[in-house]
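The structure under discussion appears below in the form of structure tokens.
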Amino acid sequence: MAPGRPLRESAKPAAARHRRGDSQTDRRLRDGGKARTSTAARRRRRIRRVPLADGTHRLHVVLIMLAVAMSLCAGRLLQLQGFDSSAYAAESAAALTQRMPLLPSRGDITDRNGTVLAATEPAVAVTADPSLTGKQPGAFAVVIAPYLGMTVEELLPLLPKRDTHFVYLKKQVPAMTYTRMAAALAEQNLYGVFRESDPIRTYPSGSLAGPIVGFVDGDGTGKAGLESSLQSQLAGVEGQEEYESAPNGSKIPLGDSKITPAQNGYDYQLTLDSELQWVAQRRVAQQVKKAKADFGFAITMNIKTGEILALAQAPTYDSNDPKSSLKKHRNLQAVTAPYEPGSVQKILTSAALLESGHAGEGTRVSIPNRLPSGPYLIKDHFEHSDDYRLNMRGVIAKSSNIGTAMLARQMPIDQLHDYLAKFGLGEKTGIELPGESLGTLPDADMEPMTRDRVAFGQGLAVTGIQEVSAIAGLLNGGVYNPPTIIKSATDSDGKQVALPVREPRRIVSTTTSAHIRDLMRAVVDNSSTGKYSLRLDGYTSGGKTGTAQRGTATGYKGYITSYVGFAPLKDPQIITYVVVNNPKKGDPTGTQVAAPVFRDIMQYALPRYSVAPSKKAVLKPKPISW
């Protein structure tokens, strides 16, 4: 054995050689007991093994798995058909149920004679389902383009639009146009274009009474005028159609369906007279242009009823195209824009003095050249002596600020306030138009200086509708009729709809009313002759001019000119009030700017409403001085 080599390593080769070389011994051992024992053990182990490829075992496993799966399916089927059948049936029906709104027809607006001012034309919004039209967009586009007034190139991007089942092609298409288009598509077996109700609001009279009628937006909602203030009544109540549909959205002919009919809006007949409105509107526009004024308006009213026969303003706008006008011109100035009325207010001050007994038509006043009022001096628009003698009739005829203030000082301040409030100042008249202003009436404890100014038309603010309604009440035997612009309303069946009732009220006695008519007659009797005469041809009348300084944010600048008048004198029927704001050309007085418009409107209105001419159109003037 070599030195240093481990004994175990040196023994291995020998043992190995012995095992490899002793083949005889191996043969003997296989025939001996040890060999027999090893063979028996191996046999026993083979008997205990389970063959993996046993076909019977695999069949058992598969059958068990199928039995479990069938049990699960049977349980689910039992749940669906036995326990949750109603819920799932309802869910399935809901998935196949389509709901389509049924839009009501918006009510019409007509004038007192039936002339249509606003109407609804049947129309639809054309829609498409791109999941259906996208398969043949070119074929669809070629058919529908002529009907929609669009080009094929404009339609092609819409028809195959992805990730949606709905797209608008065009809105407000006339209903008959859609019917013809649908027939053309059916001939080509093209399905996928639909419709929604989308009526068109039209205004046949254009700019006639535009600010009164108003307009609607693209959704059919009123945005101005009566279209706005009567929105819910005109719009009606939306209905609905429910029906079963196929997966492609088409209606199943024999499927369940339910219709809740829409309730159409009310039709309204106004008190306006379209022809008189046209005359007034044209005349106001002419005068505003001639005087280079900011704006003007005219109100013509039936004194006996409070009905507005004409309410014209300039500038105005066309209800079919309101966007072409300035926003400020869309407001109804006679209702929404308060102003200082000037000398027309002297009629209301006189009524308070007469009714309270503090003055009469013949009350004498010695009028100074100037009247101290607080830190200021009141003066008249004309120069006169320091001892200018007028009776009350003369104070109104000459429109003396000083005389009116002196007369107003004869009654307590709070009493003057209460009468003006009784006449309707400082509160809304309740006319059916939107945006009505309250105006401004100083409190009952106003300063004496403020009382002086209020007496002749400064220091307070009124709207045109407030002022004309108050004066109409003073002329109507002392009975105030709330102004109205709505004559009647009917539902879709033609039945009359009850309108809010606003009762007349007495504001002064019949005696005071007669005195007011006489004071206003004095204005006409003492007016100039010729071009600027206030007289009406063939009719006795009364009136009052107004020329007020125009209040602005930076002080008084320019004038507001006005004239209010009525006829006939003994039994007033019609009143017209004209206001022209900030005339910049000519003499800015009520006589020269507003009165000519009044005359032209009244000369048309009186015979139109069968008001008989006066037997004596010119009466002998009564004295105005002493």
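Just need a number here: residues in segment 512-527 that are open to solvent by less than 10 Å² (accessible area, probe 1.4 Å) and among the polar types (S, T, N, Q).
2
Could you list, in sequence order, the residues of segment 374-391 that are closer than 27 Å to residue 587 by Cβ, buried (at least 18 other Cβ atoms within 10 Å of the Cβ) and either more than 46 Å from the chain's Cα centre (by Cα) or among the charged types (D, E, K, R) (or both)?
Listed by number, the residues that qualify are 380, 388, 390.
All but one of (1) in contact with a helix residue (DSSP H, G or I) (Cβ under 8 Å, 6 or more places away or on another chain); (2) under 23 Å from residue 268 (Cα atoms) hold for residue 162; which doesn't?
Failing condition for residue 162: (2).
What do you reckon, is residue 300 of a type in the set (Val, Ile, Thr) and either surrounded by fewer than 22 Cβ atoms within 10 Å (Cβ to Cβ) or without any contact (Cβ under 8 Å) to a residue 60 or more places away in the chain (or both)?
no
When you look at residue 294, is it surrounded by fewer than 21 Cβ atoms within 10 Å (Cβ to Cβ), in contact (Cβ under 8 Å) with a residue 40 or more places away in the chain and touching a Lys or Arg at 6+ places or on another chain (Cβ under 9 Å), yes or no?
yes
Looking at segment 353-429, what strands (runs of 3 or more DSSP E) fall wholly within it and have at least 2 residues that are hydrophobic (A, V, I, L, M, F, W, C)?
By residue number, 364-367, 376-378.
Hey, among the residues in segment 210-242 that are without any contact (Cβ under 8 Å) to a residue 40 or more places away in the chain and among the acidic types (Asp, Glu), which one's least open to solvent (accessible area, probe 1.4 Å)?
Here the residue is 217.
In segment 321-365, which residues are modelled with pLDDT under 95 and open to solvent by 40 Å² or more (accessible area, probe 1.4 Å)?
Passing the criteria: 321, 323, 324, 326, 327, 328, 330, 331, 362.
Listed here are the residues, each with its yes/no results for (1) closer than 24 Å to residue 130 by Cα; (2) touching a Ser or Thr at 6+ places or on another chain (Cβ under 6 Å).
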position	(1), (2)
178	yes, no
187	yes, no
191	yes, no
202	no, no
213	no, yes
216	no, no
227	no, no
233	no, no
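Cβ-Cβ distance below 8 Å, separation of 6 or more or different chains: which pairs start in segment 607-626 with a residue that is without any contact (Cβ under 8 Å) to a residue 24 or more places away in the chain and surrounded by 14 or more Cβ atoms within 10 Å (Cβ to Cβ) and end on one that is assigned to a loop (DSSP other than H, G, I, E, B) and of a type in the set (Phe, Trp, Tyr)?
none
Quick one: in segment 481-503, of everything that is in contact with a helix residue (DSSP H, G or I) (Cβ under 9 Å, 6 or more places away or on another chain) and either small (Gly, Ala, Ser) or open to solvent by less than 10 Å² (accessible area, probe 1.4 Å) (or both), which residue is nearest to residue 306 (Cα to Cα)?
The qualifying residue nearest to residue 306 (Cα to Cα) is 483.
Out of the residues in segment 193-209 that are farther than 29 Å from residue 141 by Cβ and either in contact with a Lys or Arg (Cβ under 8 Å, 6 or more places away or on another chain) or aliphatic (A, V, I, L, M) (or both), which is surrounded by the most Cβ atoms within 10 Å (Cβ to Cβ)?
209
Quick grid of which residues meet (1) at pLDDT below 95; (2) surrounded by 22 or more Cβ atoms within 10 Å (Cβ to Cβ); (3) in contact with a Ser or Thr (Cβ under 7 Å, 6 or more places away or on another chain); (4) more than 18 Å from residue 621 (Cα to Cα):
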position	(1), (2), (3), (4)
509	no, no, no, yes
529	yes, no, no, no
533	yes, no, yes, no
549	yes, no, no, yes
556	yes, no, no, yes
565	no, yes, yes, no
573	no, no, no, yes
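The values are calculated or read from the model by the stated rules, or taken from the named source; none is laboratory data. Quick caveat, the model's predicted, so the values are computed rather than measured. Backbone-built Cβ (ideal geometry, glycine too); neighbour counts: all protein chains shown. With ligands, DNA and RNA removed, areas are computed over all heavy atoms of the protein, side chains included. Shrake-Rupley method; radii C 1.70, N 1.55, O 1.52, S 1.80 Å.
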